[in-house]
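Let me begin by presenting the structure, written as structure tokens, before commenting on it.
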Amino acid sequence: MLLGVLAFHSLIAKPFYIPSASMVPNLLVGDRLVVSKYPYGWSWVSASFHILPRGTWRIAPETPAYGDIVIAVPPDRDEDYIKRVVGLPGDRIAMVNGQIVLNGKPVPQEVEPPVRIPVDSQICDGRPCLDSFSQYLVRLPDGREAYEPPTYRETLPNGASYLIIDHEQQPLDNFDEIVIPEDSVFLMGDNRDHSADSRAPAAPFGNGLGGPVPIADIGGRAEFITFSLDGRTTWNPLSWIKSLRPERAWHSLRPQLREGAAGHGAD
């Protein structure tokens, strides 16, 4: 039975827990997801608990699509990160004042009404996970509190469209153009000012992904949320019910596709 479960988690799908706010507003701390293991083929990272040695080999390889939310393992760290694919093999990518420039063209960003993120009890690194949004705290008519940070809709060349939060200037808002190597992708978090992703240095100089990520280091694609807890759980089972966020259950994590977007490719 145990071997069957391990095989299923390695080859078909596995559960995943969101431990940080790097993908807010689309993923919240406490979300539980299903990650499919087969969309991009299988590699060393597919095996449960990362028991295989690192390598560049892949079986039945496929390339991720723009906008996919994927699980990736950073170099020199044995843990899973969850980020969004914003650049594909061969793309030229840069960032100017917080806007992605892909193959010489700025990726469209449209101002959206601020998302409303309820205040919860989740803790990240000893402090409230959403503490960075404290200046956007509002009190709702029913007395509850929520954050309403600046929100934008980003649309990639294949039409993949999703919300991001970008509320302050910081060093990761700018980097010079690079060419993404073959068999690699560029990953970023949707919470742009609070994400250790392909823009950030990897260990020992930082906790990011250190640039483009080999597809062999990607362990699967996030498909949907199964359930979500807001951090108020205790040993008392009754608290589990109160902590549930029922509106998040079975929410698809595949990006919305807009019609009329141009295809990708270097120019």
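Tabulated results
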{"read-out": "GNM flexibility winner over the chain from S134, S239, S22 (Cα, springs under 10 Å)", "value": "S239"}
{"read-out": "Neighbourhood net charge (10 Å Cβ-Cβ; Lys/Arg +1, Asp/Glu -1) for G219", "value": "+1"}
{"read-out": "Ranked list, fewest to most other Cβ atoms within 10 Å of each Cβ, for H167, H194, H50", "value": "H50, H167, H194"}
{"read-out": "Residue of P114, P181, P53 that the Gaussian network model of the chain assigns the largest fluctuation, springs spanning Cα pairs under 10 Å", "value": "P53"}
{"read-out": "Calculated FRET efficiency for the pair V5/F227, C-beta based, R₀ 30 Å, to 0.05", "value": "0.95"}
{"read-out": "Sparsely packed trypsin sites (Lys or Arg not before Pro) within the stretch 73-179, loop by DSSP, other Cβ within 10 Å at most 11", "value": "R144"}
{"read-out": "Relative contact order of the chain, pairs being alpha-carbon contacts under 8 Å that are 6 or more residues apart, as %", "value": "25 percent"}
{"read-out": "Cα gyration tensor shape for the stretch 27-174, rounded if a/c is under 1.5, else prolate or oblate", "value": "oblate"}
{"read-out": "CD proxy at 222 nm, helix term only [per DSSP H run n ≥ 4: -39500 (n - 2.57); per residue of the chain; nearest 500]", "value": "-2000 deg cm²/dmol"}
{"read-out": "Where a label projected 7 Å from the Cα of S121 along Cα→Cβ would reach, residues of the stretch 143-180 with amide N under 16 Å", "value": "145"}
{"read-out": "Spin-label model distance (nm) - N236 vs E182, 7 Å beyond Cα toward Cβ", "value": "6.1 nm"}
{"read-out": "Overall form of the chain per C-alpha gyration tensor (a/c, 1.5; a/b vs b/c)", "value": "oblate"}
{"read-out": "Net charge of Cβ neighbours under 15 Å - reference G159; Lys, Arg +1; Asp, Glu -1", "value": "+1"}
{"read-out": "Positive minus negative residues near P204 (Lys, Arg vs Asp, Glu; Cβ under 11 Å)", "value": "0"}
{"read-out": "Chymotrypsin sites (Phe, Trp or Tyr not before Pro) lying in DSSP loop within the stretch 1-97, provided at most 15 other Cβ fall within 10 Å", "value": "W57"}
{"read-out": "Cβ-Cβ FRET estimate between V111 and N174, R0 fixed at 25 Å, reported to 0.05", "value": "0.75"}
{"read-out": "FRET efficiency, 1/(1 + (r/R0)^6) with R0 35 Å, evaluated for T56 and I12 via beta carbons", "value": "0.90"}
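Rule-based calculations on the coordinates, nothing more; no lab input. From a predicted model like this one, the values you see are computed outputs, not experimental measurements. Cβ: placed from backbone, ideal geometry, glycine included. Neighbour counts: every protein chain shown.
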